[in-house]
Amino acid sequence: MFRPAKAFLTTNTRVTMFPTTHATWLMDTIAVDPVSAHAHVMERYFEPLCAYARASSLRALGEPAELVSDFLTSRASDETYLARWLQAGMPLRRWLANGLLTHARNRAVSEARRRRLGAGIEPAELERLAVTHETDALLALERAWAVRTMAEAYESVRSELHAEGRAAWWELFRLHCVKGLPYTQACPATGIAPSNAANVQRSVVLRLRNALRMALERDGIGPDDIDRELALMQDFLG
């Protein structure tokens, strides 16, 4: 579990937002390369949706990984699916959770009709699943999504700094911000002068915040809600 320093995810001042093109990245991609757009959604949201299914009554309808894979595959051929999400005005992870809920319920009903037997779950429960999210399931979704997003941001910035020949910057951040070592111990280990440590730290933290903002915008979070979402991520990550 990631445990980032509180100052990393929260700020007291507004930080300049990225252009809104990040919010429409998926739409731009699906128009020219729908296969890549679908692959992106599968990679980013597969595990959070599995966590959602495992923590909900959906687990009574089948293996969570198989259920989620079937759902995402079924949406891959629908070129309007992401367009409808953009118009819905909600985070993509919640839009997908809604879709998974409906898909699982419909699949269970179809299977029950095909067999002319019970679907392994009461009809009243099927109806409830079609319209209601369970609190534990939503918490599991949010937590898994936060961990996945944070891991991606960490790896993106780490790779970027290494490519620039600034691996020591990342190591200073890791030792000081993640491990909690004081500069007096972190600087000798990285070769960065103590007088420059604070500036290096700020630069890395800014890159990480920007990487997270890009991820949040791609999930459909509006500029006015970015800081609130970052604070929620902090809560989920402990």
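The values are calculated or read from the model by the stated rules, or taken from the named source; none is laboratory data. All of these numbers come straight from a predicted model, not from anything done at the bench. Every residue, glycine among them, receives a Cβ derived from its backbone with ideal geometry; neighbour counts consider all protein chains shown.
Being surrounded by 13 or more Cβ atoms within 10 Å (Cβ to Cβ) and within 30 Å of SER57 (Cα to Cα) holds for only one residue in LEU208, LEU138, and it is LEU138.
Of the helices (runs of 4 or more DSSP H) entirely within the range 31-90, those holding at least 3 residues that are modelled with pLDDT under 90 and closer than 19 Å to ALA151 by Cβ occupy 34-54.
With a requirement of 1 or more residues that are in contact (Cβ under 8 Å) with a residue 40 or more places away in the chain and not polar (S, T, N, Q), the helices (runs of 4 or more DSSP H) lying completely within the range 164-237 that satisfy it span 194-218, 226-236. Considered as a group, the residues in the range 61-82 that are out of contact with any helix residue (DSSP H, G or I) (no Cβ under 7 Å at 6 or more places or on another chain), loosely packed, with under 15 Cβ neighbours inside 10 Å and not acidic (Asp, Glu) include one that is nearest to LEU26 (Cα to Cα), and that residue is THR80. Being out of contact with any Pro (no Cβ under 7 Å at 6 or more places or on another chain) and either of a type in the set (Val, Ile, Thr) or under 28 Å from VAL41 (Cβ atoms) (or both): is that true of ALA197 here? So ALA197 fails the test. Identify, please: which residue in the range 145-171 is over 19 Å from GLN201 (Cβ atoms) and of a type in the set (Val, Ile, Thr) and is, among those, surrounded by the most Cβ atoms within 10 Å (Cβ to Cβ)? The qualifying residue surrounded by the most Cβ atoms within 10 Å (Cβ to Cβ) is THR149. When ALA112, ALA119, ALA124 are checked against the criterion of being modelled with pLDDT under 65, out of contact with any Lys or Arg (no Cβ under 8 Å at 6 or more places or on another chain) and in a helix (DSSP H, G or I), ALA124 stands alone in meeting it.
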